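The values are calculated or read from the model by the stated rules, or taken from the named source; none is laboratory data. Quick caveat, the model's predicted, so the values are computed rather than measured. Here Cβ is always computed from backbone atoms with ideal geometry, including for glycine, and neighbour counts include all displayed protein chains.
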Amino acid sequence: MSKAVKIPQIVKINWVQELSLSVMFGNGESRIIDFRSLLRKLNLTPESPIAMLYATDEFQQVKIANNTLSWSNIEQKIPLRNHSTIKVPFEIGADILLKCSKKEVCEQDLTVGRMLQKARMKNGLTQQDLAVMSGTTRSYISRIENDKSDIEIGTLRRIVETGLGKKLNISIK
């Protein structure tokens, strides 16, 4: 019996620049897609309606429709069994985007681990010292400092306030 692979849905377009864009998936991960590269892989002919995506102004009309990227300005003709065709907007699904993208490294993702490491070292503590003082493990502290593990705010607060004796301040700008 094959196991179903769950593809996260696209929930937000973070930014669009020239022929690249960043999207956020439902799992909270942001990924960057370079469409110049993706379009090259498709070996498009100049007559293909999708080739219009090479034009920046056409590309930037992207929207999210049904949790996928959609360009209503670019129509595709889909042949039907009765030999007629219907026109639909060009869409690229989350499965293709996930496969043809790379994880977007967010500055905030990197700074939590680095800030924690800097504060720990400034206090003259080893990872083991901080782990014992905050009720966690040395390997968990290491994973956080090396951006290999997510951290819940409650755990971060415990490490900062109990382990480091500092005050945690989080802001949204």
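When Ser149 is evaluated against the numbered criteria (1) part of a helix (DSSP H, G or I); (2) under 22 Å from Val105 (Cβ atoms); (3) among the polar types (S, T, N, Q), which criterion, by number, is the only one it fails?
(1)
Go through segment 111-131 and give me each residue that's assigned to a helix (DSSP H, G or I) and surrounded by 15 or more Cβ atoms within 10 Å (Cβ to Cβ). Working first, answer last.
First, pick out the residues of segment 111-131 that are assigned to a helix (DSSP H, G or I): 111-122, 127-131.
Matches in segment 111-131: Val112, Gly113, Leu116, Gln117, Ala119, Arg120, Gln127, Asp129, Leu130, Ala131.
So which residues in segment 19-75 are modelled with pLDDT of 90 or more and either in contact with a His (Cβ under 9 Å, 6 or more places away or on another chain) or acidic (Asp, Glu) (or both)?
Passing the criteria: Asp34, Asp57, Glu58.
Scan segment 56-63 and give yes if some residue there is of a type in the set (Phe, Trp, Tyr) and free of Cβ contacts under 8 Å to residues at least 24 places away in the same chain, otherwise no. I'd like the intermediate steps shown before the answer.
Keep residues of segment 56-63 that are of a type in the set (Phe, Trp, Tyr), which gives 59.
Filter once more, so that each one left must be free of Cβ contacts under 8 Å to residues at least 24 places away in the same chain: none.
No, every residue in segment 56-63 fails to be of a type in the set (Phe, Trp, Tyr) and free of Cβ contacts under 8 Å to residues at least 24 places away in the same chain.
With charged (D, E, K, R), assigned to a strand (DSSP E or B), surrounded by fewer than 15 Cβ atoms within 10 Å (Cβ to Cβ) and touching a strand residue (DSSP E or B) at 6+ places or on another chain (Cβ under 7 Å) as the only criterion, which of Glu91, Glu75 stands out?
Going through Glu91, Glu75 in turn, just one is charged (D, E, K, R), assigned to a strand (DSSP E or B), surrounded by fewer than 15 Cβ atoms within 10 Å (Cβ to Cβ) and touching a strand residue (DSSP E or B) at 6+ places or on another chain (Cβ under 7 Å): Glu75.
Can you name every residue in segment 132-150 that is closer than 30 Å to Trp15 by Cβ and either in contact with a Lys or Arg (Cβ under 9 Å, 6 or more places away or on another chain) or surrounded by fewer than 14 Cβ atoms within 10 Å (Cβ to Cβ) (or both)? So that I can check it myself, show each step before the final result.
Step one: list which residues in segment 132-150 are closer than 30 Å to Trp15 by Cβ, which gives 143-150.
Matches in segment 132-150: Glu145, Asn146, Asp147, Lys148, Ser149, Asp150.
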